[in-house]
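**Student:** The following block contains the structure, expressed as structure tokens.
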Amino acid sequence: MPLSPRYDDIGHGYSSTRREDPELRDRIFAALGDSRSVVNVGAGTGSYEPSDRYVIAIEPSDVMAGQRPTDRVPALRGTAAPLPLRDNSVDAAMAVLTIHHWDDQQKSGICELRRVARGPVVIVTYDADVCAEMWLYRDYLPEAAALDRATFPPIDQLVGWLGDSVRVEPVLNSRNTPDWTLGSFWAHPERVLDADARNATSAFARMDADVLERVVTEIAHDLDSGVWEAANGGLRALAEYDVGMRLIVAHR
């Protein structure tokens, strides 16, 4: 992770549109199994963090840590590597939609998760190649597809870093998810016109102003003219869609 935490710049208001998705939460908790102690790295505002276990939350950004609800443990200020924990000191480790922000600590951070956890390592990430096929990336924002490919480790690479018994599961994105990741825009093109929704996604928040203006203008035009509906309107009838989210669970 960078020395100047990225989310100190782009994390303001994050908790209002990036709320915990109950289906994803349940799958993460199931993957944690009977673990009683968990380290959550890149813990952010505390979404997907179990409340019935001993949690150690690691988060570099003061802006994100300041949005954690009062029923979540305070977050220690730190990055993915090195973790301030001894070998095999917790039952499980988790990292949810964060490893693409670990920059040059990606491999070392994944190895740290494995080092400190006696049991499962649970990671939620995106397959950038699948994301790139969604209309927003493909037709309007190829810059985000390029950013994702540059920042999200390929799934096979992650599996190799974990080096254990690993399973990779697709996580379909619900049309009504309360966690407005950029992938969740698949059935909601209007969100592109909502600055709060855009700014709570790291891809939009990291785009240059001229790119943002172009994308917003094009989508506003295509919504008004019916072009978007003609090309993609069938998506609105779907309950869920694969935009590349993946749940990775590694055991020793």
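**Student:** Can you tell me the length gained on complete extension of the stretch Asp129 to Tyr54, counting 0.36 nm per residue apart and subtracting the Cα distance?
**Tutor:** Extra length available between Asp129 and Tyr54 comes to 23.4 nm.
**Student:** How would you order 104-116, 203-215, 35-47 from highest to lowest mean count of nearby Cβ atoms within 10 Å?
**Tutor:** Numbers: 104-116: 19.6, 203-215: 15.5, 35-47: 23.8.
Answer by packing, highest mean first, reads 35-47, 104-116, 203-215.
**Student:** Test of understanding: extend the Cα→C-beta vector of Arg114 to 7 Å, then name every residue of the stretch 126-160 with backbone N under 16 Å from that spot.
**Tutor:** Once the point is set 7 Å along Cα→Cβ of Arg114, 153-160 turn out to lie under 16 Å by backbone N, inside the stretch 126-160.
**Student:** May I pose another question? With a length cut of 18 Å (Cα positions projected on each helix's long axis) and a Kyte-Doolittle mean of at least 0.0, go through the chain and give me the DSSP H helices that pass.
**Tutor:** The answer, listed by residue number, is 209-225.
**Student:** Under the rule of -39500 (n - 2.57) per DSSP H run of 4 or more residues, summed and divided by the residues of the chain, what mean residue ellipticity at 222 nm is obtained, to the nearest 500 deg cm²/dmol?
**Tutor:** Calculated from helices alone, the mean residue ellipticity at 222 nm is -9000 deg cm²/dmol.
**Student:** Can you pull the one-decimal nm distance between simple spin-label points at Asp194 and Ser16, each 7 Å off the Cα toward Cβ?
**Tutor:** Calculated label separation equals 1.1 nm.
**Student:** Nothing charged except the Cβ atoms of Lys and Arg (+1) and of Asp and Glu (-1): what's the magnitude of the dipole of the stretch 86-179 about its Cα centre? Round to the nearest 20 debye.
**Tutor:** With only Lys, Arg, Asp and Glu charged at Cβ, the dipole is about 320 debye.
**Student:** In addition: Highest mean first, what order results for 239-251, 62-74 on Cβ atoms within 10 Å?
**Tutor:** Packing proxy ranking, top to bottom: 239-251, 62-74.
**Student:** Say each of Asp224 and Asp139 gets a label point 7 Å from the Cα, pointing the same way as Cα to Cβ; how far apart are those two points in nm?
**Tutor:** According to this spin-label approximation, the distance is 1.8 nm.
**Student:** Using the basic label-point model (7 angstrom from Cα toward the beta carbon), what is the Asp156 to Ala237 distance in nanometres?
**Tutor:** Here the modelled spin labels are 3.7 nm apart.
**Student:** Work out the length of the dipole vector of the stretch 7-251 about its Cα centre, built from +1 on the beta-carbon of each Lys and Arg and -1 on the beta-carbon of each Asp and Glu, and round it to the nearest 20 debye.
**Tutor:** The dipole of the stretch 7-251 has a size of about 920 debye.
A short reminder: the numbers here are calculations on the coordinates, not readings from a lab. All values derive from a computational prediction rather than experimental measurement. Ideal geometry is used to build each Cβ from the backbone, glycine not excepted, and the neighbour counts take in all protein chains shown.
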